[in-house]
There are 6 protein chains.
Amino acid sequence: MATVDTVEYDRASPEVKAVYDDIMATRKIDRVPDFWRTVANHPPTLARLWEELKAVMAPGRLDPLTKEMIAIAVSATNSCAYCVNSHTAAAMKLGMDREMLGELMAVVGLFNKTNKLADGYQIAPDVFPPKE
Amino acid sequence: MATVDTVEYDRASPEVKAVYDDIMATRKIDRVPDFWRTVANHPPTLARLWEELKAVMAPGRLDPLTKEMIAIAVSATNSCAYCVNSHTAAAMKLGMDREMLGELMAVVGLFNKTNKLADGYQIAPDVFPPKE
Amino acid sequence: MATVDTVEYDRASPEVKAVYDDIMATRKIDRVPDFWRTVANHPPTLARLWEELKAVMAPGRLDPLTKEMIAIAVSATNSCAYCVNSHTAAAMKLGMDREMLGELMAVVGLFNKTNKLADGYQIAPDVFPPKE
Amino acid sequence: MATVDTVEYDRASPEVKAVYDDIMATRKIDRVPDFWRTVANHPPTLARLWEELKAVMAPGRLDPLTKEMIAIAVSATNSCAYCVNSHTAAAMKLGMDREMLGELMAVVGLFNKTNKLADGYQIAPDVFPPKE
Amino acid sequence: MATVDTVEYDRASPEVKAVYDDIMATRKIDRVPDFWRTVANHPPTLARLWEELKAVMAPGRLDPLTKEMIAIAVSATNSCAYCVNSHTAAAMKLGMDREMLGELMAVVGLFNKTNKLADGYQIAPDVFPPKE
Amino acid sequence: MATVDTVEYDRASPEVKAVYDDIMATRKIDRVPDFWRTVANHPPTLARLWEELKAVMAPGRLDPLTKEMIAIAVSATNSCAYCVNSHTAAAMKLGMDREMLGELMAVVGLFNKTNKLADGYQIAPDVFPPKE
């Protein structure tokens with residue numbers, strides 16, 4: 001249902017195939033998701049985005065599950081159906097259960113509400129930005 | 001700078017004063033932030049929102065710092081200046097440092113980008129929703 | 001603070017002046033707000049927008065105050081500071097008081113929350129669209 | 001199609017069943033909508049949200065139909081398909097007809113346009129916030 | 001699947017029929033798209049919107065293809081599925097190919113990311129607004 | 001006014017200094033804008049983002065001015081004040097004048113309106129996605 005045909009493995013350029021191989025190896029899956037096969041219509045975007053995603057989602061000061069839950073929070077706030085779906089699946093693989101999802105949704109819902117109360121009442125930041 | 005005058009402690013009703021007292025005691029602060037003094041113009045919203053916030057932000061399956069970082073992610077996605085400011089201050093109090101904020105922003109930025117790529121390319125969810 | 005200089009009455013074209021005169025006469029004000037003096041940089045947009053606004057905000061099946069409150073709801077959801085400010089002022093002139101604003105904000109906040117819960121949980125519409 | 005299985009009445013806890021009973025009695029319906037059966041995966045959110053919704057949507061200074069139309073305005077601005085669908089159905093039950101919906105959409109569309117003109121031209125609020 | 005029945009040509013008022021005829025003649029199509037047949041439920045909105053669209057999308061200082069690509073950028077940022085779909089089709093008719101769409105999506109994705117970094121880090125405009 | 005102190009040139013790491021030098025050389029400016037000095041708090045994000053921006057904004061099938069106008073469209077739709085400001089300045093340097101900005105704003109405003117009409121009336125895509 002994407003705007004343009006997806007780029008199938010067999011007809012992909014060597015550059016695109018290399019990214020596909022890395023996606024499947026890294027994720028331990030045997031089929032490249034629609035998202036990546038669609039983005040592959042613009043090979044420089046595919047390569048750059050995949051490198052960025054690997055680097056940003058790697059374990060760091062925040063662990064991978066926390067990062068996936070933040071991805072769900074962003075995607076729900078943006079109403080992106082594809083993204084909520086795929087990040088929820090990814091977070092569940094990493095151990096998020098129904099109760100953790102429930103807490104996450106409670107936080108996401110609450111702050112979408114307070115964001116609009118703050119903007120609707122025109123409340124200015126009441127402290128100077130914190131400096132570390 | 002709010003739309004309506006804030007409700008100052010001295011002229012607040014007993015119901016509002018009770019919430020103010022609880023906010024200051026819970027947060028260990030001696031002044032009620034502008035947000036709450038503005039919302040106090042509608043006392044039932046003040047009371048309900050404060051109860052919700054205390055319950056949702058209490059330690060649970062997700063810890064308070066994770067919840068504050070999710071609040072920053074939501075507020076940045078919604079471009080709410082007041083909220084980004086106050087949740088960043090709260091997260092820093094709970095131990096978020098410059099590097100953790102950097103990782104958080106990298107995640108928030110990345111998924112705001114992929115959200116729009118997915119919607120801009122009209123990509124449909126490629127798996128059935130995961131069931132726990 | 002606008003991107004481009006505002007178009008002042010004295011240096012405006014006759015076409016723009018006619019819109020300015022109509023704005024001041026219709027709104028019973030003696031100064032054209034910044035918004036209109038900025039939009040005037042593109043005269044066809046100024047003329048078309050003012051005609052649309054007059055038509056849409058005229059009393060109809062919905063009264064003008066209800067329409068202004070809907071304008072606040074939209075502007076708060078979009079985090080538009082200029083717009084929240086001006087529509088709140090307009091609604092107050094038409095009789096909205098602090099308590100009505102409080103109810104409005106409670107509704108706006110609540111449904112910004114439920115919107116994200118529905119999208120975050122990937123809930124599909126559960127009834128066929130209603131037909132009148 | 002929700003992320004997690006809905007909680008069916010028969011396997012619900014007494015706490016959840018009590019909310020379900022109240023939803024069906026209050027709304028005079030004999031089946032709990034998908035939204036609530038999904039949110040029920042996190043019982044404290046279910047209970048708190050239902051209480052908030054009943055309180056916020058009760059007749060007050062704004063009547064229930066006006067509140068439902070504001071809910072449509074928020075949901076359309078947020079592009080929440082589930083929510084537009086359910087609030088449109090609710091507003092129609094309360095008497096909104098095709099012409100009123102047409103006026104509502106004209107207002108929602110107009111101010112989504114002016115919001116972006118104001119932000120795109122970087123127009124600052126031209127009056128101090130109104131004080132009641 | 002629209003909220004209200006679409007207004008079919010045969011049962012349309014003369015006013016609505018005239019707009020339909022103009023849409024089909026201007027666009028060289030023999031069926032009025034669902035969007036317009038739905039908006040037709042509120043005839044003044046139909047007439048005003050069609051006139052606005054014809055005027056705004058006419059060749060000017062920006063050419064029609066650039067305008068359609070801007071429409072895609074706005075629609076992707078707003079996650080409007082109907083609109084992304086129809087503007088992508090329109091841009092392709094005007095000559096946008098897969099590579100141009102790829103560049104467009106790269107730009108849209110990038111700035112949705114930087115927008116949130118700027119707001120998430122609370123960065124204030126660093127120059128005074130440019131004046132022409 | 002940013003959340004964290006900006007990273008000044010003198011105290012920057014060699015890695016960050018290299019990016020700063022490239023920004024100033026590429027843009028022909030002698031001071032690194034606040035945005036980049038703030039993002040520099042997370043050096044990998046700084047380096048990756050600057051490389052992405054240079055690649056995406058380079059002349060391609062779309063010219064740099066068109067890309068900057070698309071950046072304005074995205075930033076206005078997201079209500080990002082910093083971004084509208086900086087992209088408007090950049091587009092003006094590349095030749096955008098008041099009239100072109102006026103046409104751009106007319107397009108951005110129009111489609112923010114139609115996006116909400118399409119979603120508010122629950123209109124489904126009426127054609128299958130175009131395939132190139």
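The values are calculated or read from the model by the stated rules, or taken from the named source; none is laboratory data. Keep in mind that this is a model prediction, so the values were computed, not measured. Cβ atoms come from the backbone with ideal geometry, glycine included; neighbour counts cover every protein chain shown. Quick note on the areas: whole protein, heavy atoms, side chains included, nothing else; ligands and nucleic acids left out. Shrake-Rupley method; radii C 1.70, N 1.55, O 1.52, S 1.80 Å.
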Within a 10 angstrom radius of each residue's Cβ in D:4-12, how many Cβ atoms of other chains show up on average? Whole number is fine. 2
Helix-only mean residue ellipticity at 222 nm, chain C, DSSP H runs n ≥ 4 weighted -39,500 (n - 2.57), per residue, nearest 500. What is it? -21000 deg cm²/dmol
Any chance you could check the Cα centroid distance between region F:39-85 and region B:3-28 for me, in angstrom? 43
Rough spin-label spacing in nm, given labels placed 7 Å along Cα→Cβ, for residue B:5 and residue B:93: 2.8
Sorted shortest first, the nm distances from the residue A:13 label point (7 Å along Cα→Cβ) to its counterparts in the other copies are 3.3, 4.7, 5.6, 5.6, 6.8
Once the label point is set 7 Å along the Cα-to-beta-carbon vector, what list of distances in nm do you get between residue C:58 and its counterparts in the other copies? 2.4, 4.0, 5.6, 5.6, 6.4
Karplus-derived 3J(HN,Hα), 6.51/-1.76/1.60, for each residue of region F:56-68, Hz, glycine and proline x: 5, 8, 5, x, x, 6, 9, 7, x, 5, 4, 5, 5
Closest approach to the F-C rotation axis by any Cβ of F: residue and distance in angstrom? F:79, 3
Carbon and sulfur atoms account, in whole percent of the 1.4 Å probe accessible area of region E:61-122, for 52
List, in order, the whole-Hz ³J(HN,Hα) value for each residue of region D:80-95 obtained from phi through the Karplus relation with A = 6.51, B = -1.76, C = 1.60 and θ = phi - 60°; use x for Gly and Pro. 8, 4, 4, 6, 4, 4, 6, 6, 5, 4, 5, 5, 5, 4, 8, x
Within 10 Å of each Cβ of A:88-96, how many other protein chain Cβ atoms are there on average? 3
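For region D:38-123, what does the accessible surface come to per residue with a 1.4 Å probe? Please give it in Å².
Details: 2030 Å² over 86 residues.
Normalised by residue count, the accessible surface of region D:38-123 is 24 Å².
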Peptide-level mean, for A:46-57, of C-beta atoms on other protein chains within 10 Å: 4
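Quote the convex hull volume per residue of chain A, based on C-alpha atoms, as a whole number of Å³. Don't jump to the answer; show the numbers that get you there.
On the way: hull volume 22.4 nm³, N = 132.
Taking the convex hull of the Cα positions in chain A, it is 170 Å³ per residue.
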Within chain F, how many Lys pairs that are eight or more residues apart, or on different chains, come under 27 Å at the alpha-carbon? 14
How much net charge surrounds residue B:107 when only the other residues with a Cβ under 12 Å from the Cβ of residue B:107 are counted, with Lys and Arg +1 and Asp and Glu -1? +1
With label points set 7 Å from each Cα along the Cα-to-Cβ direction at residue E:28 and residue C:17, the distance between them in nm comes to 4.4
homo-copy label distances at residue E:28 (7 angstrom along Cα-Cβ), nm, one dp, ascending, are 4.2, 5.4, 5.6, 5.6, 7.3
Total accessible surface hidden between F and C, rounded to 100 Å², 1.4 Å probe: 800
Charge dipole (region B:35-132, unit charges on Cβ, about Cα centre) - positive-most of B:43, B:91, B:60: B:43
So what is the diffusion coefficient of the protein assembly as shown in µm² per second by Stokes-Einstein at 37 °C and 0.692 mPa s, using a Kirkwood Rh over Cα pairs? 123
With a cut-off of 8 Å between alpha carbons and a minimum separation of six or more residues, what is the relative contact order of region F:46-132 in percent? 24
What does the highest-first list of B:91-97, C:83-89, A:28-34 look like by mean Cβ count within 10 Å? C:83-89, B:91-97, A:28-34
